[in-house]
Amino acid sequence: MKKLISKARVVPVICLGDFLLVPIQIDLDDRTVGLLQQQVLEEIESTRARAVILDVRMVDVIDSYISYTISETAAMARLMGCRTVLCGIQPPVALTLAQMGVMLQDIAVARDLEHALLIAGSQSGVG
Amino acid sequence: MNSNGAVNRVEEMVQELAADSRLQGLWRNFLTAALADNKEKKQVEQLKDSLSLLFEEIGEQAFTAGLRAMAAKNPSLPVTDLLCTVIQVCGEIRRENEQTINNLRQMLPELATPIIRIWTDMLLVALIGNLDSHWAQNIAERLLDRVSAARAKVVLVDVTGVPMIDTAVGGFLIEMFSAIRFLGTDVILTGIKPEVAHTLVKLGVDFRMVTIARDLEDALRKGIAIVTGEKKKRRQLAWVMTGDKESESGEEIDI
Amino acid sequence: MLHKKVDENLDIDRVFDSPAEDFDVFIRIAREEDIAVARQMAKQLAQEAGFSLADVTKIATAVSELARNIYRYAKQGRIMIKKLLDDREGPYLEIIASDNGPGIAEIDLVMTRGYTTYERSLGIGLSGVKRLMDTFAIYSEVGRGTVVITGKRRRKF
């Protein structure tokens with residue numbers, strides 16, 4: 001396992017109480033997705049957040065690699081005691097993921113930020 | 001130029017073609033527009049209208065008979081030009097009809113599958129008939145857009161009107177349901193008839209990602225429970241967030 | 001089987017040598033960034049061709065999968081996209097992904113959902129493309145390369 005030492009920041013991360021809010025507003029190419037995963041895990045460690053909310057409202061394509069990395073990040077975050085909530089998946093993206101047969105494991109899905117906060121707030125401590 | 005002679009004789013021909021003054025008018029409109037040398041937009045419109053009306057009034061057979069008689073009596077009539085014009089106009093009429101049919105076809109799924117807001121944050125869609133792949137995708141796209149725009153918490157899907165669910169339809173429903181789940185919205189499915197349940201199990205299709213309800217009433221009750229449950233949770237959360245933040249016990253209680 | 005071969009007479013060399021002018025989009029895939037570029041260009045073309053937003057997203061996602069496969073397994077190759085707007089059965093978008101990579105020995109296995117030789121993947125790349133598109137054909141020869149030809153028709157309503 002390579003050590004997570006990079007300080008590369010590809011997305012803004014907002015601390016909201018015990019939660020981390022990560023709005024993803026960049027085009028997710030493969031390198032960025034990797035960096036995103038690293039950054040999120042580092043931020044979880046340093047803030048000891050109990051839930052991280054990934055907002056993908058602005059993401060217009062989620063292919064199998066991106067969804068895999070998101071699931072993977074969620075699984076890693078879970079091992080660090082942090083729950084992951086994905087919110088704002090756009091209808092065309094949802095249809096595409098469903099048709100490809102993608103399942104998002106270890107991850108809760110929310111309609112919008114408000115709903116995401118609700119899920120993060122009401123269930124953390126359980127997972 | 002060569003049609004000038006014919007133009008002068010339009011009135012004569014009209015008299016021969018029809019006795020009825022209304023039909024005479026139609027023929028007159030048609031002939032003057034068709035024989036005009038350079039056709040402007042106005043004349044093309046006139047041609048199209050009069051031709052459609054003639055077809056409607058006397059039918060294609062009587063129309064061609066009229067043309068034939070005219071050509072026999074007036075050798076100077078530019079029949080070829082006339083026919084070309086008629087064919088072009090017919091093509092245009094056909095294209096217009098096709099457009100109308102397409103528009104109707106676009107409306108059809110919307111008319112046949114309305115998406116109804118049945119309760120606060122709750123939508124109802126009743127699927128009817130045999131779903132083919134195009135129709136299915138159209139419904140799925142419309143439903144997801146509606147769910148997203150309305151921020152619906154629950155979607156009730158009633159399949160009472162679907163006579164048969166085979167692997168293809170089952171697959172489509174699973175896709176649609178999981179797409180709705182990706183938006184963070186719950187799905188309640190109702191209206192599965194015994195024979196449909198039988199084939200579903202035989203096909204290995206289980207709708208695990210959705211809640212199943214006995215009937216629409218049960219579905220509505222379950223849906224309302226979800227909507228109000230979330231409202232309650234939100235109030236609790238607001239209380240935790242704004243209330244005494246120091247006491248950790250406050251958070252433990254609502255778990 | 002549909003996914004075995006396009007047709008028996010498919011001239012794989014002709015696909016490899018097809019000129020860029022024959023296509024509306026022609027992208028060489030050699031670097032990781034090219035995947036995102038291919039995705040964006042496919043999206044734009046599908047939008048121009050009048051596909052619904054959901055179908056535009058499906059096409060862009062399929063291109064993304066194909067481009068990544070090229071980059072991962074063959075290191076380089078190309079993605080070619082063509083608009084066939086006056087096809088008899090309606091407007092059609094055709095995507096060809098070709099590479100001179102190692103080729104695939106077990107096509108049936110690769111088309112199985114969940115199968116992957118790559119560490120970081122769900123194994124739904126190619127089978128995902130097939131699900132997203134209307135037509136799908138793959139031709140591969142070990143040591144020579146792989147060609148995927150796939151297309152999507154614009155829905156009438």
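The values are calculated or read from the model by the stated rules, or taken from the named source; none is laboratory data. Note that the coordinates shown come from a computational prediction; the quantities given were computed from them, not determined experimentally. Every residue, glycine as well, gets a Cβ built from its backbone with ideal geometry; the counts of neighbours run over all protein chains shown. To get the accessible areas, we keep the full protein, side chains included, count just its heavy atoms, and leave off ligands, DNA and RNA. Shrake-Rupley method; radii C 1.70, N 1.55, O 1.52, S 1.80 Å.
One table, with the values for the structure above:
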| read-out | value |
| --- | --- |
| Output for region B:51-63, where each listed residue is within 17 Å of B:Ala19 (Cα to Cα) and not aromatic (Phe, Trp, Tyr) | B:Leu53, B:Leu54, B:Glu57, B:Ile58, B:Gly59, B:Ala62 |
| A:Ile70 vs. criteria out of contact with any helix residue (DSSP H, G or I) (no Cβ under 7 Å at 6 or more places or on another chain) and within 14 Å of chain B (Cβ to nearest Cβ) | yes |
| One residue from C:Val129, C:Val148 being among the β-branched types (Val, Ile, Thr), within 14 Å of chain A (Cβ to nearest Cβ), in contact (Cβ under 8 Å) with a residue 24 or more places away in the chain and open to solvent by less than 50 Å² (accessible area, probe 1.4 Å) | C:Val129 |
| Residue list for region C:10-65, filter: over 16 Å from C:Gly151 (Cβ atoms), away from every other protein chain (no Cβ under 11 Å), open to solvent by less than 20 Å² (accessible area, probe 1.4 Å) and not in a strand (DSSP E or B) | C:Ile12 |
| In region B:105-119, the residues that are touching a residue at least 24 places away in the same chain (Cβ under 8 Å), open to solvent by less than 70 Å² (accessible area, probe 1.4 Å) and either assigned to a helix (DSSP H, G or I) or more than 14 Å from chain A (Cβ to nearest Cβ) (or both) | B:Pro109, B:Thr113, B:Ile118 |
| Residue count for region B:30-52, restricted to those that are under 18 Å from B:Ala71 (Cα atoms) and not β-branched (Val, Ile, Thr) | 7 |
| Residue, nearest to the other protein chains (Cβ to nearest Cβ), within region B:206-219, restricted to residues that are outside any loop (DSSP other than H, G, I, E, B) and open to solvent by 30 Å² or more (accessible area, probe 1.4 Å) | B:Thr211 |
| Helices (runs of 4 or more DSSP H) fully within region B:132-205 counting 3 or more residues that are over 20 Å from the mean Cα position of the chain (by Cα) and buried (at least 21 other Cβ atoms within 10 Å of the Cβ) | B:167-182 |
| Members of region C:84-113 found to be modelled with pLDDT of 90 or more and farther than 18 Å from C:Leu132 by Cβ, listed by number | C:Ser98, C:Asp99 |
| Flag for A:Asp55 being surrounded by 15 or more Cβ atoms within 10 Å (Cβ to Cβ), among the acidic types (Asp, Glu) and within 14 Å of chain C (Cβ to nearest Cβ) | no |
| Condition met for B:Glu98 (open to solvent by 70 Å² or more (accessible area, probe 1.4 Å) and modelled with pLDDT of 85 or more) | yes |
